[in-house]
């Protein structure tokens, strides 16, 4: 006669345990969703903090439609400034940055999959001094992000080697990529001299590529992008290939790339 009460108590305990487990799972799911939403909504602030700490540059975004729950990172009308050591503060004026991600691919150890990546830049301002293709605002930012050094240096790093990806590169795949760059402006700043505008042209440069991975990065992105950029620069702004105000691009490199592209 006591068994029904025992079974009843066991049933009640089981239901409570299941209810608690369901509540925990629901809490984790909701908290995780809110965390992803928060990361998405505040991603411009996080990127700005990273840029400030590592290079002294700033990011300001007027419209952020990022939603990592559906795998979307989307900025509109964003600007990236030059590091503090440059008088010219503009670096990038971004009309649109759009990434369609595969969220589950970012959870494991496999390749990070980006289904579509689009970068639409209205203006790129390159400001440098001396050999301005090596010592400029873009190199400052790239070196800072690469090194992860949180100390911002007032003078450029004495490093003639190009910025390269880390050897232990995280596997990735970009299924579709489109890049557009509108106006390109090159400014030379020298101590005790007025800045000199070397180039200010509307290029409207467009580059598209598919199925880019960490293994074929050079042949699928780096080389064809560089070749197309140099060919269009030679056609639209031939002064980039000549000596300007006693400053010279590395003609041997550009000529070699142009020959290989033909």
Quiz prompt | Protection proxy ranking of 200-213, 109-122 - average other beta-carbon atoms within 10 Å, highest first | solution = 109-122, 200-213
Self-check item: Calculated FRET efficiency for the pair residue 47/residue 183, C-beta based, R₀ 25 Å, to 0.05
Solution: 0.60
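Which of the peptides 126-137, 68-79, 83-94 is most tightly packed, and how do the rest follow, judged by the mean count of other Cβ atoms within 10 Å per residue? Intermediate values should be presented prior to the final figure.
Numbers: 126-137: 20.1, 68-79: 16.8, 83-94: 18.3.
Ranked by mean Cβ neighbours within 10 Å, highest first: 126-137, 83-94, 68-79.
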Practice problem: Counting only C-alpha contacts under 8 Å and six or more residues apart, can you give the relative contact order of segment 42-213 as a whole percent? | Solution: 20
Quiz item: For residue 112 and residue 228, what is the calculated FRET efficiency with R₀ set at 35 Å and r taken between the beta-carbons, to the nearest 0.05?
Solution: 0.85
Quiz prompt | Distance between modelled label sites at residue 202 and residue 190, nm, 7 Å Cα→Cβ extension | solution = 3.2
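If I take R0 = 30 Å and measure r between the Cβ atoms of residue 85 and residue 214 in this structure, what FRET efficiency does the formula 1/(1 + (r/R0)^6) give, to the nearest 0.05? Mind dumping the intermediate values first?
On the way: r = 32 Å, r/R0 = 1.08.
About 0.40, to the nearest 0.05.
Computed from the coordinates by the stated procedures, all read-outs in this text should not be read as laboratory data. Quantities reported herein were computed from a predicted structural model and do not represent experimental measurements. Neighbour counts run over all protein chains shown; Cβ positions are idealised from the backbone, glycine included.
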